[in-house]
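Every number in this text was worked out from the coordinates using simple rules, so none of it is lab data. Because the structure is predicted, anything quoted here is derived from the model rather than measured. FYI the Cβ positions are ideal-geometry reconstructions off the backbone, even for glycines, and counts take in every protein chain you see.
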Amino acid sequence: MKNYTIRKIITSATFPLKNDAVIAWSEQLSDTFKAQLVLYGSVDADPNPYMALYGKENNNLLKSAMSRLQDLGNSLHRAHSVKYLMESGKHWRNLVKQMRYEHTDLLVAGMPSLGDTTPGKLSVLMYNSPCPVLFVREGMLPAIPKKILVPVRLKDGLEQKLPAVAAWAKACGATVCLSAFAADDASAREKLRLYHLAEKMTNTLRASGIAVETETAHGFHFGTTMINRAEQLGVDLIGIAVEPTNFVLRLFTKMVGPYFLQHSSVPVLSVPMLQTLPEPANGVQQLSAQQENDGRQVTMAPEMMI
């Protein structure tokens with residue numbers, strides 16, 4: 001099993017929308033994992049790249065937004081360390097490129113209200129993020145998870161999901177519950193392969209000193225079955241795998257990832273199986289030099305052209 005550690009967490013703070021749950025969870029996780037917290041903000045500005053860099057009005061917008069971001073960061077006394085990143089342009093690809101540039105290990109993002117449709121931006125972040133994403137909903141109080149539900153399916157990239165799950169379990173002292181899902185119409189051969197896979201995962205996790213519980217779940221719909229099992233088992237976190245390469249194809253079908261965001265009553269940890277977006281250019285410009293004050297760094301980045 002490959003090693004996975006959380007050293008840098010990025011959180012997108014959206015003003016004037018509510019950020020309470022996202023920020024509270026980010027602060028808690030920064031303290032738990034002793035990780036740097038990157039507070040990321042963006043503002044709508046002139047699409048002209050020259051004006052975005054040198055226009056007085058745009059610069060004032062960036063500075064005002066950065067000031068609010070710093071005020072927010074200064075109120076986070078439990079965060080291990082805080083860095084600020086502000087740029088013009090609110091396209092979701094900007095955030096993903098900055099995540100790659102910063103080599104972040106975890107993104108903390110919001111979830112829709114229970115039962116509401118998942119916004120498109122959250123869906124594309126889930127399927128295109130270069131690192132795991134923790135989705136939390138307003139009202140979810142930050143708490144160290146003590147039981148993590150990990151759905152097991154044959155087609156999931158389970159070997160890539162295990163390191164992230166193991167890192168959370170170790171840092172939080174949590175028990176991992178592996179729930180092997182078999183569709184009602186699954187063949188005996190498929191079920192046997194599934195049980196062997198769950199057994200292999202159990203042995204891998206226990207060899208790392210992690211407490212593991214295993215069970216089997218049957219149903220017609222994977223998402224519905226797992227949401228029901230999460231409620232019945234009383235878990236604090238659900239860890240799922242997503243396949244970025246299938247995102248465009250699944251626009252025309254039913255993506256299971258957003259289903260978890262819409263219906264889960266606990267936070268959802270989404271682990272991407274592959275990375276599909278290119279790395280950003282090495283010479284990414286910055287509007288002002290980094291400043292450090294009491295472990296807090298400030299970076300102003302220009303709009304990133306897509």
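Beta bridges per DSSP, both residues in region 147-235: antiparallel share near 0 percent. With neighbour counts taken as other beta-carbon atoms within 10 Å, the residues F260, F220 rank, fewest first, as F220, F260.
Among the listed pairs K90/K161; K34/K83; K34/K121; K97/K121, those with a Cα-Cα distance over 21 Å are K90/K161; K34/K121. Between D185 and L154, full extension at 0.36 nm per residue minus the direct alpha carbon distance yields a gain of 9.7 nm. Using the Cβ-Cβ distance between D20 and A207 with R0 set to 45 Å, the FRET efficiency from 1/(1 + (r/R0)^6) comes to roughly 0.70.
By the beta-carbon count within 10 Å of each Cβ, the least crowded to most crowded order of W25, W92, W168, fewest first, is W92, W25, W168.
Look at the Cα gyration tensor of region 147-235: its axes a ≥ b ≥ c give a/c of at least 1.5 with a/b at or below b/c, and that counts as oblate. Between K200 and N228, the FRET efficiency estimated from the beta carbon spacing at R0 = 35 angstrom works out to 0.90. Full extension of the chain between E215 and E138 yields a length gain of 24.7 nm, computed as 0.36 nm times the residue separation minus the alpha carbon distance. Between L192 and H91, residue separation times 0.36 nm minus the direct Cα-Cα distance comes to 31.9 nm.
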